[in-house]
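*Asks:* My questions all concern the structure below.
Taken together, the values in this text are just the output of simple stated rules run on the coordinates, not laboratory data. Since we're looking at a predicted model, the values are computed, not measured. Neighbour counts run over all protein chains shown; Cβ positions are idealised from the backbone, glycine included.
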Amino acid sequence: MPKFKKNSKTSEDIPTAALPDIIFMLLFFFMVTTVMRETDIMVKQKIPRATQLTKIERKSLVSYIYVGEPKNVSLYGSEPKIQINDVFITEEDIIGFVNTEKDKLDEVERDQITMSMKVDVDVKMGIISDVQQELRKANALKILYSTIKRVAEK
Amino acid sequence: MPRGKKKLPEVSSGSMADIAFLLLIFFLVTTTIANDKGILLRLPPPPDPLQEQLDIKIPDRNIFTILANSKDQLLVEGEPFEGSMDDLKNDVKKFILNFGKPTPDGIEIYNSLPPQMKAFVNANGRNPESSDDPTSLKSIVSFKSARGTSYDLYVGILDAMNAAYNEVYASRVGITTEEWLSLDRSNSMQKEMYNRGRSGIPRAISIAEPD
């Protein structure tokens, strides 16, 4: 019976050169997974494209309204819904939302509030029009239809 | 004892590349490209019940009507429209720069136009059946959609209408539309240019509530 000879030439210590990298990777993993976004968008967002874009000058004056088909169709159905912050709301709640957003601003800037509408391309105009009527009632008259720059085809 | 000759322990730099990579990936993941651009629109104030509804009669020739139905079909000036959004933009532009029956204000605007645009007016405009001049209430672009119109088409038409106006403004001051859109209004020289382009020609876009 042959006896296994122990190879004494191989070193037995584990290489530790990669250890800092592993630590770094862990650190980064936790840094990345820490939630920094304030809202989790729960509706489909395929933003339409357009050419004539204006840039918002004061970002602090902007509030966002998301409209689209819910991502979780089995839970919320496939009808387009309005999302604000982290919840779905109905049209009637918009006035309240606008007022809370206005309260965050200085008194002189309240009329300047801009509502950025992030709307999915597949949404029909009916719901958008309802939202706009509510915004008019809430006296938030500046609207920005969020779009992506379309590169001219030619 | 030769202290200076002592060899310093080397810091291994083999993992530097990895660290850099990780940093890169970190920033790639956390950076979200802010999309704060879009088409700005000002809604009309809510109707005041105490105020009487003013009934201003505007002749049909001064209104450019665009209708969209639930099937995303377009009716432009009473006729079905099949062309692209670019064609629509050109039609709107021709409508704005028609100068069919200009008022004194309109004549003044016409005289202030650069020769290129005067040529455009004389080649395409001067139609007595179309808008009088681009001043207030003399040329209005009206757009009405249905509740079933897709948002995509709505934005497309809004874009075309704005593009027509921006083109007019831009060529008035002799710059391209791209340059016009990137004018920085906090800069006094560019603001002056902006005001010069827009003076006398209001962006008369009327958007009716869908029914």
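*Asks:* Given axes a ≥ b ≥ c from the Cα gyration tensor, I'd like to know whether chain B is rounded (a/c under 1.5), prolate (a/b larger than b/c) or oblate. Could you put the intermediate results ahead of the total?
*Replies:* Working: a/c = 3.06, a/b = 2.21, b/c = 1.38.
Prolate is the answer for chain B, as a/c is 1.5 or above and a/b outweighs b/c.
*Asks:* With the Cα gyration tensor of the protein assembly as shown in hand, give its eigenvalues times 5 under a square root as the equivalent ellipsoid semi-axes, listed largest first in whole angstrom. Display every interim value, and only then the final one.
*Replies:* Details: eigenvalues 637, 151, 89 Å².
Equivalent ellipsoid of the protein assembly as shown: 56, 27, 21 Å, largest first.
*Asks:* Rank A:ASN139, A:SER78, A:ILE113 by how far each Cα sits towards the positive end of the charge dipole of the range A:49-149 (+1 on Lys, Arg Cβ; -1 on Asp, Glu Cβ) and give me just the farthest.
*Replies:* A:ILE113
*Asks:* What number does the range A:49-149 give for Rg over Rh if you use C-alpha atoms and the Kirkwood radius? Could the numbers behind the result be given before it?
*Replies:* On the way: Rg = 13.9 Å, Rh = 14.3 Å.
A ratio of 0.97.
*Asks:* With θ taken as phi - 60° and the coefficients 6.51, -1.76 and 1.60, list the Karplus ³J(HN,Hα) couplings across the range B:153-168 in order, rounded to whole Hz; mark glycine and proline as x.
*Replies:* Values per residue, Gly and Pro as x: 5, 4, 5, x, 6, 4, 5, 5, 5, 5, 4, 4, 5, 4, 5, 4 Hz.
*Asks:* Sort B:MET193, A:MET42, A:MET115 so that the residue with the fewest other Cβ atoms within 10 Å of its own Cβ comes first and the one with the most comes last. Spell out each step's value before the answer.
*Replies:* Working: B:MET193 21, A:MET42 18, A:MET115 24.
Taking fewest neighbouring Cβ atoms as first place, the list is A:MET42, B:MET193, A:MET115.
*Asks:* Further, regarding this structure: Which order do the peptides B:73-83, B:154-164, B:122-132, A:118-128 take when ranked by the mean count of other beta-carbon atoms within 10 Å per residue, highest first? The partial results should precede the final answer.
*Replies:* Details: B:73-83: 13.2, B:154-164: 23.6, B:122-132: 15.4, A:118-128: 20.1.
Final packing ranking: B:154-164, A:118-128, B:122-132, B:73-83.
*Asks:* Helix-derived [θ] at 222 nm for chain B: sum -39500 (n - 2.57) over DSSP H runs of at least 4, divide by residue count, nearest 500? Walk me through the intermediate numbers first.
*Replies:* On the way: 7 runs with 84 residues, N = 211.
So the helix-based figure for chain B works out to -12500 deg cm²/dmol.
*Asks:* Now for a different question. What is the average number of partner chain Cβ atoms found within 10 Å of a Cβ in A:137-143?
*Replies:* What the average comes to for A:137-143 is 3.
*Asks:* A follow-up question, please. For the range B:48-64, just list the computed ³J(HN,Hα) in residue order, Karplus coefficients 6.51, -1.76 and 1.60, θ = phi - 60°, integers in Hz, with x standing in for Gly and Pro.
*Replies:* Here the 3J(HN,Hα) series is 8, x, 7, 8, 6, 6, 6, 10, 9, 8, 10, x, 4, 5, 8, 10, 9 Hz.
*Asks:* Computed FRET efficiency, Cβ-Cβ of A:GLU57 and B:SER12, R0 56 Å: what is it to the nearest 0.05? Could you put the intermediate results ahead of the total?
*Replies:* Details: r = 50 Å, r/R0 = 0.89.
In this case the efficiency is close to 0.65.
*Asks:* Between the range B:51-96 and the range A:61-98, what is the C-alpha centre distance in whole Å?
*Replies:* 32
*Asks:* Mind listing the long-range amide H neighbours of B:ASP132? Cut-off is under 5 Å, sequence gap 5 or more, other chains count too, H placed in the peptide plane at 1.01 Å from N.
*Replies:* Sorted by chain and number, the residues that satisfy this are B:GLY100, B:LYS101.
*Asks:* On average, how many beta carbons from a partner chain sit within 10 Å of the beta carbon of a residue in B:155-167?
*Replies:* On the way: counts 11, 6, 0, 5, 9, 3, 1, 5, 3, 1, 1, 3, 1.
That average works out to 4.
*Asks:* Something else: Could you check the spin-label model distance between A:GLN133 and B:ILE25? Points 7 Å from the Cα along Cα→Cβ, value in nm.
*Replies:* Spacing of the two 7 Å Cα→Cβ label points: 5.2 nm.
*Asks:* Let me ask something additional. Take B:PHE120, B:PHE64 and order them by how many other Cβ atoms sit within 10 Å, fewest up front. Please list the in-between numbers first.
*Replies:* On the way: B:PHE120 17, B:PHE64 26.
So the ranking, lowest neighbour count to highest, is B:PHE120, B:PHE64.
*Asks:* Taking amide H positions as placed in the peptide plane 1.01 Å from N, state which residues far from A:ILE82 in sequence (5 or more) or on other chains have amide H under 5 Å from it.
*Replies:* For A:ILE82, the qualifying residues are A:ILE89.
*Asks:* Further question: Fewest first, what order do B:THR176, B:THR149, A:THR54 take by the number of other Cβ atoms within 10 Å? Show your work: numbers first, answer last.
*Replies:* Values: B:THR176 11, B:THR149 25, A:THR54 16.
Lowest to highest Cβ neighbour count: B:THR176, A:THR54, B:THR149.
*Asks:* Treating the angle as unsigned and between 0 and 90°, give the value, to the nearest 10°, between the Cα long axis of helix B:115-124 and the longest Cα principal axis of chain B.
*Replies:* So the inclination is approximately 50 degrees.
*Asks:* How large is Rg/Rh for the range B:123-187, to two decimals, with Cα atoms and a Kirkwood Rh?
*Replies:* On the way: Rg = 15.0 Å, Rh = 14.3 Å.
Using only Cα positions, Rg/Rh for the range B:123-187 is 1.05.
*Asks:* Can you work out ³J(HN,Hα) from phi for every residue in the range B:81-97, in order, using Karplus 6.51 cos²θ - 1.76 cosθ + 1.60 and θ = phi - 60°, giving whole Hz and x for Gly and Pro?
*Replies:* 10, 10, x, 7, 5, 5, 5, 4, 4, 5, 4, 5, 5, 4, 5, 5, 9
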